[in-house]
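Notes follow the structure.
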C-alpha cells in the first residue's frame, strides 16, 4: 500500500496536461479507520 507524505494511504492519478504542457493529477486518500481497522490518524504536520 502506498502512503503520502502525511502517512495516509494514498494514490496519485494523472488526469491530463495543461496547454503549457504541465501535468494535472488528483491525489486519492483513504480514511485510516476504514483501511486499517481503527488506527488513529497521524499528527498534523
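Readers should treat all values here as calculations from the given coordinates under stated rules, not as data from a laboratory. Given the structure is predicted, the values throughout are model-derived calculations rather than measurements. Methodologically, a virtual Cβ is constructed for each residue, glycine included, from the backbone with ideal geometry; neighbour enumeration extends over all protein chains shown.
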Which order do the peptides 6-14, 20-28 come out in when sorted by mean C-beta neighbours inside 10 angstrom, highest first?
6-14, 20-28
The FRET efficiency for residue 2 and residue 45, from their Cβ-Cβ distance with R0 = 22 Å and rounded to 0.05, is 0.75
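At 0.36 nm per residue, and after removing the present C-alpha to C-alpha distance, how many nm does the segment from residue 12 to residue 28 gain when stretched out fully? Write down the numbers at each step before the final one.
Values: separation 16, 0.36 × 16 = 5.76 nm, distance 0.62 nm.
5.1 nm is the gain from fully extending residue 12 to residue 28.
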